[in-house]
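Student: Let me begin by handing over the structure; questions about it come next.
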Amino acid sequence: MAVRLTEAPPIQEDLHACTMCGYCVPVCPPYRELGFESAAPRGKVYLMREFDKRGLGILDWLLGRKTAPDAEFSKAVFECTACGACENVCMADIPFDGLWQEVKEWMVNSGLGMPEHTSVFENVSETHNIYGEPHQARGGWVPKDAVQDPAPEVVYWVGCAASYRKRRVAESVVKILNAARVKYRILGTDEWCSGAPLANMGYGSYVKKELMPRNIQAVAQTGAKVLVTACSEDVRAFLVDYRHWGGNPPFSVLHITQYVERLVSEKRLTFTKPLQGLKAAFHDSCAQGRVTGMYDAPRNAMKFLKGLVPLEMFPNKAEAHCSGAGAGFPLVFPNQANSIGSKRLQNALELGASAVITTCPHAAMHFEQVAARQNMPLQTLDIAEVLAQAL
Ligand code: SF4
Ligand code: SF4
């Protein structure tokens, strides 16, 4: 794609609010790997300010020299896992989560996107899932005992990962819903990719225009008042991104652990099977933790399980370290992504865990690959699987 710089997003006020304090530098996972300021939020903000000034000084202005984003700058922008750590610590309250999405979108629209992300965008445009699998197979996993209701209380939003790569997660959610006799509906081919990974690869304009309205409509037309999902990225899409873009879904959005808390408190669900002393470290996914602030629900849900020994990996919650899996980062920076994931798993091993539990199937797949490459004796489990095992 030819480079044709489009208009910069309206972020000047945020850029100039930065005090250059540097608090965001050591928390940024790619910076921690590389040690280059260009990878850190402060470095990127500095460069964008220079572009905003359209020159480095009076001499540049007199000579008509201009600074403008180029391929090198764009690569630095995409050196970002969308982990939310910079927004969490920023002294100037810069809303980085949305800001990085807009800057990445600016780069893609200017022909400066990452070639490694193009296939993900093409897959979603053609097959409505990030893997390029046949759309017709999206509901192919649905088990025979999934009794779907024409007037559902909830829609179970499966997501691309659990539909095609992590079907155990989807089957586990169905087992939980069946056990509580919930009236639910699975949308099958009416469900398309939520677009959360794409928006963090710079394809936000497509997500806003094509995916968000039809996905909200697909759920709303069932009449269900609640959307339940076991995917952190989809929690993020419906709770944060769609609302930020004015989509305003007319239904509640709950992670399966929040819904389990509700079902248990309503005495519709009990966990009876002990888990044989499973020692598992809990990983806060960035999309569900820092980005949506949902820290307690998974921890509360684990308290219902007998025989589970949940371990806290420190730092945790708002300070938790990233898996390295987000925003298509492993496609462009595989070595850095591997190293970031490996450090997080090392943390779990040091605690004596035999498994890592997470709420993000994308993080889980990344952890599985990292652990296999390094022969780490660690299982990766989704929290829905663990809950279903205890029924
Ligand atoms: S979101 Fe995370 S990876 Fe991206 S710039 Fe901020 S701290 Fe770095
Ligand atoms: S924490 Fe915020 S104010 Fe401080 S350098 Fe980073 S972006 Fe600027």
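Student: What order do Asp14, Asp284 take when sorted by accessible area (1.4 Å probe), most exposed first?
Tutor: On the way: Asp14 45, Asp284 5 Å².
Heavy-atom accessible area, descending, gives Asp14, Asp284.
Student: Here's another thing I want to ask about it. Can you tell me the FRET efficiency between Arg181 and Ala318 if r is taken as the Cβ-Cβ distance and R0 is 35 Å, rounded to the nearest 0.05? Walk me through the numbers on the way to the answer.
Tutor: On the way: r = 36 Å, r/R0 = 1.04.
E(calc), rounded to 0.05, equals 0.45.
Student: Going by a 4.7 Å Cβ-Cβ cut-off, which cysteines of the chain have no partner at all?
Tutor: That list is Cys18, Cys21, Cys28, Cys80, Cys90, Cys160, Cys193, Cys231, Cys360.
Student: Would you mind pulling out the separation of the Cα centroids of the stretch 1-52 and the stretch 344-377, in Å?
Tutor: First find each Cα centre; the distance between them is then 31 Å.
Student: Using label points projected 7 Å from each Cα along Cα→Cβ, tell me how many nm separate Met91 and Arg49, to one decimal.
Tutor: 1.2 nm
Student: Next question. Based on the Cβ-Cβ distance from Arg167 to Gln379, what FRET efficiency comes out when R0 is 22 Å, to the nearest 0.05? Show your work: numbers first, answer last.
Tutor: Values: r = 17 Å, r/R0 = 0.78.
That pair, Arg167 with Gln379, gives E of 0.80.
Student: Report the one residue of Ser110, Asn88, Thr127 whose Cα lies farthest in the direction of the positive end of the charge dipole of the stretch 71-138 (charges on C-beta: Lys and Arg +1, Asp and Glu -1; origin at the Cα centre).
Tutor: Positive-end residue among those listed: Thr127.
Student: Across bins of 5 angstrom width beginning at 0, how are the C-alpha pair distances of the stretch 126-265 distributed, in whole percent?
Tutor: All Cα pairs considered, the percentages come to 2, 10, 21, 25, 22, 13, 5, 1, 0.
Student: If you wrap a convex hull around the alpha carbons of the stretch 163-223, what volume per residue comes out, as a whole number of Å³?
Tutor: Per-residue hull volume (Cα only) is 94 Å³.
Student: Still on this structure, I have one more. What is the percent carbon and sulfur in the accessible area of the chain, measuring with a 1.4 Å probe over the protein chains and ignoring ligands? Don't skip to the answer; put the middle values down first.
Tutor: Working: 8700 of 16590 Å².
Roughly 52 percent, rounded to a whole number.
Student: Could you check the simple spin-label distance between Ala17 and Asp296, using points 7 Å along Cα→Cβ, in nm with one decimal?
Tutor: 2.7 nm
Student: Hey, another quick one. Determine which aspartates and glutamates satisfy two conditions relative to Lys306: a Cα distance under 19 Å, and not lying fewer than 8 residues away in the same chain.
Tutor: Output for Lys306: Glu261, Asp296, Asp382, Glu385.
Student: With the crude spin-label approximation of a point 7 Å out along Cα→Cβ, what separation in nm comes out for Ala68 versus Leu275?
Tutor: In this crude spin-label approximation the distance works out to 5.5 nm.
Student: Can you give the direction-averaged projected area of the convex hull of the alpha-carbon atoms in the chain, in nm²?
Tutor: On the way: hull surface 77.4 nm².
Over every viewing direction, the Cα hull of the chain projects on average to 19.4 nm².
Student: Identify all aspartates and glutamates with a Cα-Cα distance to Lys208 below 15 Å; exclude those on the same chain that are fewer than 8 residues away in sequence.
Tutor: Glu102, Glu105, Asp234, Asp241
Student: List the pairs from Lys166/Lys303; Lys175/Lys273; Lys44/Lys104; Lys166/Lys209; Lys104/Lys317; Lys279/Lys303 whose alpha-carbon separation is above 19 Å, in the order I gave them. Mind dumping the intermediate values first?
Tutor: On the way: Lys166/Lys303 24 Å; Lys175/Lys273 14 Å; Lys44/Lys104 12 Å; Lys166/Lys209 28 Å; Lys104/Lys317 26 Å; Lys279/Lys303 13 Å.
Among Lys166/Lys303; Lys175/Lys273; Lys44/Lys104; Lys166/Lys209; Lys104/Lys317; Lys279/Lys303, the Cα-Cα distance tops 19 Å for Lys166/Lys303; Lys166/Lys209; Lys104/Lys317.
Student: About the Cα centre of the stretch 126-265, how large is the charge dipole given +1 on each Lys and Arg Cβ and -1 on each Asp and Glu Cβ? Please answer in debye to the nearest 20. Mind dumping the intermediate values first?
Tutor: Details: 17 positive and 13 negative charges, 41 e Å.
For the stretch 126-265, the charge dipole is close to 200 debye.
Student: Once you have all Cα-Cα distances for the stretch 99-190, histogram them in 10 Å bins from zero and send the whole-percent values.
Tutor: Percent of Cα pairs in each bin: 15, 36, 24, 17, 7, 0.
Student: Still on this structure, please answer the following. How large is the accessible surface per residue of the stretch 12-113, computed with a 1.4 Å probe and reported in Å² as a whole number? Numbers along the way, then the final one.
Tutor: On the way: 4850 Å² over 102 residues.
So the stretch 12-113 comes to 48 Å² accessible per residue, rounded to a whole number.
Student: Just the accessible area per residue of the stretch 143-186, please: how many Å² with a 1.4 Å probe?
Tutor: Numbers: 1910 Å² over 44 residues.
For the stretch 143-186, the per-residue accessible area is 43 Å².
Student: Can I ask one more? Take each of the peptides 212-222, 231-241, 156-166, average the number of other beta-carbon atoms within 10 Å over its residues, and list them starting from the highest. It would help to have the intermediate numbers written out before the result.
Tutor: On the way: 212-222: 17.2, 231-241: 27.7, 156-166: 25.4.
Top to bottom by mean Cβ count within 10 Å: 231-241, 156-166, 212-222.
Student: Charges only on Cβ, +1 for Lys and Arg, -1 for Asp and Glu: so what's the dipole of the chain about the Cα centre, in debye to the nearest 20?
Tutor: Dipole about the Cα centre, nearest 20: 980 debye.
The values are calculated or read from the model by the stated rules, or taken from the named source; none is laboratory data. Being a predicted model, the structure only gives us computed values, none of them experimental. Here the Cβ is made from the backbone with ideal geometry for all residues, glycine too, and neighbour counts use every protein chain on show. Heads up: the accessible areas ignore ligands, DNA and RNA and are worked out on the full protein's heavy atoms, side chains in. Shrake-Rupley method; radii C 1.70, N 1.55, O 1.52, S 1.80 Å.
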